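Below you'll find the structure, written out as structure tokens, and then a few comments.
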Amino acid sequence: MKYICLGYYDPAKHAGMTEAERNAMVDECFEYDDHLRANGHFAAGEALQPRETGLTLYWKNGKVASTDGPYAETKEQLGGILVLEARDMNHAIQLISQHPALKYGSLFEIRPAGDLSEMMKASEQRRGKLTAR
Amino acid sequence: MQPAPQWMTEPCAVLVTIHFDCSLNAAPNPPLARTRGETTAHCGCVELSPFASLTGMPPNAPEDLSRTIEDLYRSESGRILATLVRLIGDLDLAEEAMHEAFAAALETWPQTGLPDKPRPWLISAGRFKAIDAMRRRGRLDAAQSDLALQLEARVNETLQEAPQEEEMEDDRLRLIFTCCHPALPSEGQVALTLREVCGLTTEEIARAFLVTPSTLAQRIVRAKAVIRDKAIPYQVPVSQELSERLGAVLQVVYLVFNAGYSAEATGAGLSREAIRLGRLLLDVPGPDLLPEPEVMGLLGLMLLQESRRAARSSAEGDVILLDRQDRSLWDRDQIAEGIALTERALRSRRFGAYTLQAAIAAVHAESSSAASTDWRQITLLYDRLIRIQPSPVVELNRAVAIAMYAGPEQGLSLIDDLLAREELADYPLAYSARADLCRRLGRVAEARAAYEKALVLIPDEARQQPERRFLLGRLEELK
């Protein structure tokens, strides 16, 4: 089963690190990713560029509108997404508990991947009916 | 863990019991399922962040081999885990090593073919994986490095010979006693036993007990933390401690069984697991080196109750009580085994509440109809049960049994006395039993009022619908 692990970090804290500290952190994290990959647990993952590089789309007055950055103003920001292949929730917890980023102040939110196959099937049926009409 | 309201998990009520249902997904998730889609390695990030991008996954094993490995996982993972726990001395590390051993099998076996003895192969792979993990942790964390060396020495010591079958069964018993240690919160005991000994996933257990996976995952995390913090050893307790600790284990097993006592077929999974655990516990030697009588009693009780599974609900999922069940649907093999175990337990003269309940179930199992049942003997057994385990619910069952041979008036006056004591004021089965006796006496208005009272006390939730339909059906009959 897949678990989406959302890793949050505090950019101010990272900025305050020495280069040696930052390198140590990065090396440890990549090494752990390799370990996860070697054991088939690393299904996918992406790092995110900083918040100010993104924008948010939403619906306003019947049109799509956009705004810089995301809405939430928190100290922590989403730094990356890891799709973990684990047997169950506790296995996912165990694997992420060993992630070196935790030691450096990052935090992870672990969410089971949703199974939309039933919903998609129902939706396809509804849409099929519409076109048949 | 409260898998059911307390009134539902009380000792089996022979005539009036309406058990709750719970749904455990019968088909477990395939273990170690792999992503089919290939991924590409690409990292376009500007800022260095602790989260890496992708590279390819290990190649997929051929279909039939990966199915063999999945089957092996289902049948062997519990044993392998228990043995790794003994060798490694750490539940989390053993679990991770076990998963990685199976992942290694998926990767290696397509090239090398299935080994002659997959189990020792997996245990050995698990040991090496654990050593790797400790080395990795030791490198990153100086405090872990001594621990890694110690572990390595211990694992290497035991590396020479593959554990024997018997030794592996003992390992499982050790793990059961650890999972059911009284220092652990009771809901954690149940969850941990199902996950670590029975090999169910967090999500499956959560579904069975109607909680979210995150809630259940937390219970497991907390229970494991207690084991670690209190350094609870992985061992079967000895003589004087045994009977006390065994009581806690049997309670967990019976809770698991009751959680699976369902009108729906999906509950069968948990009951099967509970019966499997009961069989394992037969190997725990008592002071006389024979199985403990209460283990035989509980296993007998579970088998006798399970023998009626096919008969106790209709195709529509409606509850069918004992007096209306088609007894030809009862499983004769389970009855024979259950009775034999119960008789052995009774002969020991050291039996307790589980054995007495099994004896009551055995009397029913041997009767061809409700009318020809020896209700006097059942009443005597309830008398003894009340002496060792006083409970208003047992008294209620006794009242129903008395009504069966002494007449509904007798039973009714006993039930009314019980209700006057107010301990059963919120217990729906007390009212449905009263209703049933009133119905038999032709006191229709009173019967209807009591059925309605029972209905009010059963929550209008999806899982309680069979019970509600049952009461509504009885009300309909009285129109």
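The values are calculated or read from the model by the stated rules, or taken from the named source; none is laboratory data. From a predicted model like this one, the values you see are computed outputs, not experimental measurements. Reconstructed Cβ throughout: ideal geometry from the backbone, glycine too, with neighbour counts over all protein chains shown.
Side notes on the structure shown:
- Scan region B:90-129 for residues that are within 18 Å of B:GLU152 (Cβ to Cβ) and not in a helix (DSSP H, G or I) and the total you get is 1.
- Qualifying residue in region A:49-65 (condition: within 25 Å of B:THR215 (Cα to Cα), touching a residue at least 24 places away in the same chain (Cβ under 8 Å) and more than 7 Å from chain B (Cβ to nearest Cβ)): no
- Of residues in region B:267-282 being surrounded by 18 or more Cβ atoms within 10 Å (Cβ to Cβ) and at pLDDT below 85, the one farthest from B:SER243 (Cα to Cα): B:GLY267
- Within region A:83-95, the set of residues being in a helix (DSSP H, G or I) and within 8 Å of chain B (Cβ to nearest Cβ) comprises A:MET89, A:ASN90, A:HIS91, A:ILE93, A:GLN94, A:LEU95.
- Qualifying residue in region B:236-252 (condition: surrounded by fewer than 24 Cβ atoms within 10 Å (Cβ to Cβ), in contact with a Gly (Cβ under 7 Å, 6 or more places away or on another chain), over 24 Å from A:GLU109 (Cβ atoms) and not polar (S, T, N, Q)): no
- Among the residues making up region A:96-124, those that are part of a helix (DSSP H, G or I), among the hydroxyl-bearing types (Ser, Thr, Tyr) and at the interface with chain B (Cβ under 9 Å from one of its Cβ atoms) are A:SER97, A:TYR104.
- Unique match (being at the interface with another protein chain (Cβ under 9 Å from one of its Cβ atoms) and either without any contact (Cβ under 8 Å) to a residue 12 or more places away in the chain or in a strand (DSSP E or B) (or both)) among A:GLY40, A:GLY80: A:GLY80
- Top-ranked residue of region B:68-88 - restricted to ones that are small (Gly, Ala, Ser) and in contact (Cβ under 8 Å) with a residue 12 or more places away in the chain, ranked as farthest from the other protein chains (Cβ to nearest Cβ): B:ALA82
- Yes/no for B:ALA370 being modelled with pLDDT under 95, in a loop (DSSP other than H, G, I, E, B) and surrounded by fewer than 16 Cβ atoms within 10 Å (Cβ to Cβ): no
- Helices (runs of 4 or more DSSP H) contained entirely in region B:403-479, each with at least 3 residues that are among the basic types (Lys, Arg): B:428-440, B:465-477
- Within region B:287-333, tally of residues that are assigned to a helix (DSSP H, G or I) and either among the aliphatic types (A, V, I, L, M) or in contact with a helix residue (DSSP H, G or I) (Cβ under 8 Å, 6 or more places away or on another chain) (or both): 20
- Which listed residue is at pLDDT below 85, within 11 Å of chain A (Cβ to nearest Cβ) and in contact with a helix residue (DSSP H, G or I) (Cβ under 8 Å, 6 or more places away or on another chain), from B:LEU54, B:LEU91, B:LEU140, B:LEU106: B:LEU140
- The single condition among (1) more than 8 Å from every other protein chain (Cβ to nearest Cβ); (2) under 20 Å from the mean Cα position of the chain (by Cα); (3) within 19 Å of A:ALA101 (Cα to Cα); (4) among the acidic types (Asp, Glu) that A:ASP33 does not meet is (1).
- Beta carbons closer than 6 Å, at least 6 apart along the sequence or on distinct chains, pair a first residue in region B:211-225 that is at the interface with chain A (Cβ under 8 Å from one of its Cβ atoms) and under 19 Å from A:GLU109 (Cβ atoms) with a second that is among the small types (Gly, Ala, Ser) and part of a helix (DSSP H, G or I) for B:PRO213/B:ALA206; B:LEU216/B:ALA191; B:LEU216/B:ALA206; B:ILE220/B:ALA191.
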